[in-house]
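Working notes, beginning with the structure itself.
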Amino acid sequence: MSSLTDTYEKKYPDTWVVMQNKISQAFKDMTIDEKRLIMLASSIARITDATEQTAIDITAQEFSDACNVPKTSVYKQLKESSYNLMKRSFSYKDERGKTVAVQWVIRARYDDGFISIYFPEEVLYMLKVFDKFNPYTKYKKENVLSLKLSYSIDLYHLAKKYEGMGGFTISWDEYKEQLKTP
């Protein structure tokens with residue numbers, strides 16, 4: 001993985017979710033709230049040029065408003081999803097072909113009315129660097145954050161990924177496997 005400064009970075013407004021396609025493949029097993037948290041944090045990481053030491057704060061009010069989550073449960077959902085992300089990991093092959101395992105979040109802090117999460121360099125790279133070597137998908141936050149099922153976010157991302165190609169075909173079995181649907 002090259003450093004962030006070595007690669008061309010495209011700029012998008014904070015109203016957009018922009019992620020390398022690798023990230024959506026890696027977060028298929030997450031809960032809907034974990035995915036929402038990463039999507040909300042993605043624009044903050046991008047706009048602030050976050051590093052591993054940068055706290056990305058998401059308030060309960062922001063999460064509730066963006067995701068249509070009832071105020072009565074938003075605090076619990078934020079706390080659970082941030083702590084669950086601490087337990088999650090993914091792997092990739094480095095430039096030498098060796099498998100590298102990475103946690104999604106290296107630190108999480110729940111405070112009164114907000115959470116702070118810290119991403120490792122590999123996750124920040126996937127949230128900030130978009131070019132021909134790092135294919136990506138972009139969409140407006142408002143179009144996806146209010147979806148109600150975890151796999152609906154994956155399906156939306158898949159459809160947006162192929163939107164410029166005139167569509168795609170997927171078998172029922174591939175659909176179920178790729179989107180982890182019942």
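The values are calculated or read from the model by the stated rules, or taken from the named source; none is laboratory data. Everything quoted here is computed from the prediction, not taken from an experiment. Backbone-built Cβ (ideal geometry, glycine too); neighbour counts: all protein chains shown. Keep in mind that these areas ignore ligands, DNA and RNA; they rest on the heavy atoms of the full protein, side chains included. Shrake-Rupley method; radii C 1.70, N 1.55, O 1.52, S 1.80 Å.
Here are the numbers for this structure:
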quantity: Selected from C67, S43, T54, residue furthest toward positive end of dipole (segment 6-121; charges at beta carbon); calculated: C67
quantity: Positive-end residue of W16, Q77, L155, charge dipole of the chain with Cβ unit charges; calculated: L155
quantity: Nearest-20 debye value, segment 99-160 charge dipole, Cβ charges on Lys, Arg, Asp, Glu; calculated: 240
quantity: FRET efficiency for D65 and V100, using Cβ-Cβ distance with R0 set to 35 Å, rounded to 0.05; calculated: 0.45
quantity: Surrounding net charge for Y75, when Lys and Arg each add one and Asp and Glu each subtract one, Cβ distance under 15 Å; calculated: -2
quantity: Cβ-placed point charges (K, R +1; D, E -1), dipole of segment 10-72 about Cα centre in debye, nearest 20; calculated: 300
quantity: Net charge of Cβ neighbours under 11 Å - reference A55; Lys, Arg +1; Asp, Glu -1; calculated: -1
quantity: Ratio Rg/Rh, restricted to segment 1-115 and using Cα atoms, in which Rh is the Kirkwood radius; calculated: 0.97
quantity: Cα gyration tensor, segment 95-160 - rounded (a/c under 1.5), prolate or oblate; calculated: oblate
quantity: Environment charge at A66 (Cβ cut-off 12 Å; Lys +1, Arg +1, Asp -1, Glu -1); calculated: -2
quantity: For the chain, size of Cβ-based charge dipole, Lys and Arg +1, Asp and Glu -1, in debye; calculated: 260
quantity: Surface per residue (accessible, 1.4 Å probe) for the chain, Å²; calculated: 54
